[in-house]
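Okay, so here's the structure we're looking at.
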Amino acid sequence: MSTINVAIVGCGYIGARHATNLMRLPGAAVVAFVDQELDRARQLRETLGADDAVATSDVQVALHDPGTHAVVIATHHDSHPSLAVAAARAGKHVFVEKPLAMTNEACREIEAAVQESGVQLVMGFQTRHAPLVRRARAWVPNPRILFGQVIAGRWDDASWAQRPETGGGNVLSQGVHGFDLLAHAAGAAPLVIHAVGGTITHDPASTDVIDTVMATIRFANGVVGTAAIGDFGPSPWTQLGFYGLFDGTGRSATLHHFSEGLCLGTAGSQMIPFEPAREPAQELTLADLPADERDDPYGYAALIAEFVSCARENRPPTIAADVRDGRRATAAVLACFESIRTGLPVTLVDESPR
């Protein structure tokens, strides 16, 4: 097929962002805008000038249309399982915003539907495609030690994403980004997680949503790391995301957010007498990158382009996260919650290794 026809399900901020990138992408077309609030679907269609597209509040219109090849799901977290399963069973390739689902059981249900139907599922973990992330991984392709932090400002208690029934809270919503990127850099899934934290920035008398996590991680290939996740910041210097990759011999990549800067270095000995770095550190910002990468600092456009390629060729992603990666990221966050509540490390069992 020359053109991939895509339905946008969920026409809020992130759905609009994906739709905009699709409209700019050769070989892709947005043919349907779906939202429970019909006016919002119509407004996005009008804003993007997609006059030939359908605007509807009924997702079945898109799922039953043989001319629709793929679906972007950008809705509240609790709706992901039913929508993703229905789309897969309808034979549509699926893009799902993070998290894949809020429970391990729901993630496995989606994974089973995708495998049974033979469609492709791509996760909305755009940071894998961020230009500075790609350069960090190229500089340290085989890290032995990692750290990552995803620290937001305090989330509103009334927000749908903070409520346990619809969003699961900041740590689940944003933490899956951190765990996926760390696993992507490590080249393996988390195996053992030991976490401390709790309900610290919100009132524990009114919610049991864990909002703060400090975790140590051992990955399946022996790489070790730490993760800090919560809505108790962020630092004005590190901002929302801050990551470090170290190969154990002095080679390192330190990423200051995804659009601020990257430091690539090779350290010498820090014992007296000091041995200087073996080569000068390289400091990169977006200004040092080609124009097309500067225009996509977080990787949203590159991610949706890979999704369209996966749909056109019916192949798994090469950089983007697939359904297994989405399941693993949710499982890692839920393991943190379990570890915090029990005080014990949690060993993760991968039920469908490749």
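Looking at this structure, is residue 244 at pLDDT 95 or above and open to solvent by 30 Å² or more (accessible area, probe 1.4 Å)? For residue 244, the condition - at pLDDT 95 or above and open to solvent by 30 Å² or more (accessible area, probe 1.4 Å) - is not met.
Quick check, is residue 138 among the hydrophobic types (A, V, I, L, M, F, W, C) and crowded, with 23+ Cβ neighbours inside 10 Å? No.
Out of all the residues in region 190-204, is one or more in a loop (DSSP other than H, G, I, E, B), at pLDDT 95 or above, among the small types (Gly, Ala, Ser) and over 25 Å from residue 130 (Cβ atoms)? No: zero hits.
Cβ-Cβ below 6 Å, separation at least six or inter-chain, first residue in region 18-34 and within 21 Å of residue 63 (Cβ to Cβ), second open to solvent by 40 Å² or more (accessible area, probe 1.4 Å) and in a strand (DSSP E or B): which pairs? Short answer, once both residue conditions are applied: 32/54. Confirm whether residue 128 is surrounded by fewer than 17 Cβ atoms within 10 Å (Cβ to Cβ) and either within 25 Å of residue 297 (Cβ to Cβ) or of a type in the set (A, V, I, L, M) (or both). No: the conditions fail for residue 128. Residues that are outside any helix (DSSP H, G or I), of a type in the set (D, E, K, R) and within 26 Å of the chain's Cα centre (by Cα) within region 32-61 comprise 35, 37, listed in sequence order. Candidates 238, 216: the one that is within 30 Å of residue 335 (Cα to Cα), modelled with pLDDT of 95 or more and either touching a strand residue (DSSP E or B) at 6+ places or on another chain (Cβ under 8 Å) or open to solvent by 70 Å² or more (accessible area, probe 1.4 Å) (or both) is 216.
Looking at (1) polar (S, T, N, Q); (2) within 27 Å of residue 318 (Cβ to Cβ); (3) touching a helix residue (DSSP H, G or I) at 6+ places or on another chain (Cβ under 9 Å), find the lone condition where residue 174 falls short. The failed condition is (3). Every condition in (1) in contact with a helix residue (DSSP H, G or I) (Cβ under 8 Å, 6 or more places away or on another chain); (2) under 24 Å from residue 300 (Cα atoms); (3) assigned to a loop (DSSP other than H, G, I, E, B); (4) of a type outside the set (Lys, Arg) holds for residue 210 except the one numbered (2). Considering only residues that are hydroxyl-bearing (Ser, Thr, Tyr) and in a loop (DSSP other than H, G, I, E, B), look in region 2-31 and name the one that is farthest from the chain's Cα centre (by Cα). Within region 2-31, the match that is farthest from the chain's Cα centre (by Cα) is 2.
Looking across 329, 321, one residue alone is in a loop (DSSP other than H, G, I, E, B), at pLDDT 95 or above and either open to solvent by less than 30 Å² (accessible area, probe 1.4 Å) or on the phi > 0 side of the Ramachandran plot (or both). It is 321.
The values are calculated or read from the model by the stated rules, or taken from the named source; none is laboratory data. Since the model is a prediction, treat every value here as computed from it, not as a measurement. Because the Cβ atoms are built from the backbone with ideal geometry, glycine has one as well, and the counts that use them run over all protein chains shown. These accessible areas exclude ligands, DNA and RNA; they are computed on the full protein's heavy atoms, side chains included. Shrake-Rupley method; radii C 1.70, N 1.55, O 1.52, S 1.80 Å.
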